[in-house]
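The values are calculated or read from the model by the stated rules, or taken from the named source; none is laboratory data. Quick caveat: nothing in here was measured; it's all calculated off a predicted structure. Every residue, glycine among them, receives a Cβ derived from its backbone with ideal geometry; neighbour counts consider all protein chains shown. With ligands, DNA and RNA removed, areas are computed over all heavy atoms of the protein, side chains included. Shrake-Rupley method; radii C 1.70, N 1.55, O 1.52, S 1.80 Å.
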Amino acid sequence: MRNARAALERAAGQLDALSPLACLARGYAIVRHGDAAGPVVRDAGTLGVGDPVALVFARGRARARIEATEPEKEG
């Protein structure tokens, strides 16, 4: 029983480390198109000047508008 509990605790720790909430707690944010229910932004090239976005933090949310985007530098 003790070994099973230890294995379960290790697995839970690994899941916590990969959780999106854990990433947010480390200072990252999730950017979504439009509002907090919109799709996640994975590519700055999908955004245009003036587009509204929602920022989801570990504690709270914010709304913003895109001022400019920068293409990814190749190489």
Original post:
Once the whole set of protein chains is in place, how much accessible area is left on LEU8, using a 1.4 Å probe, in Å² to the nearest 10?
Top reply: 120
**OP:** Could you pull out the trypsin sites (Lys or Arg not before Pro) across the chain that fall in loop regions by DSSP (anything but H, G, I, E, B) with no more than 15 other Cβ atoms inside 10 Å?
**Re:** ARG26, ARG42, ARG59, LYS73
**OP:** For the range 33-75, state what percent of all Cα-Cα pairs lands in each successive 10 Å bin, counting from 0 Å until the bin that includes the largest distance.
**Re:** 27, 51, 19, 3
**OP:** For TYR28 paired with MET1, estimate the spin-label separation in nm (one decimal), with each label point 7 Å from Cα along the Cα-to-Cβ line.
**Re:** 3.9
**OP:** Could you point to the residue in ALA12, LEU55, ALA37 farthest towards the positive end of the chain's charge dipole, with +1 and -1 charges on the Cβ of Lys/Arg and Asp/Glu respectively?
**Re:** ALA12
Original post:
Mind checking the angle between helix 2-18 and the chain's longest principal axis? C-alpha axes, 0 to 90 degrees, to the nearest 10.
Top reply: 10
Original post:
After finding the eigenvalues of the alpha carbon gyration tensor for the chain, what semi-axes result from the square roots of 5 times each, listed largest first in whole Å?
Top reply: 35, 15, 9
**OP:** Report the accessible area of GLU70, computed with a 1.4 Å probe over the heavy atoms of all protein chains in place, in Å² rounded to the nearest 10.
**Re:** 150
Subject >> Per residue accessible area of the chain, 1.4 Å probe, in Å² >> reply: 86
Subject >> In Hz, Karplus ³J(HN,Hα) per residue of the range 54-70 (6.51, -1.76, 1.60; θ = phi - 60°; x = Gly, Pro) >> reply: 10, 10, 10, 10, 4, 10, x, 9, 9, 10, 8, 10, 6, 8, 6, 10, 10
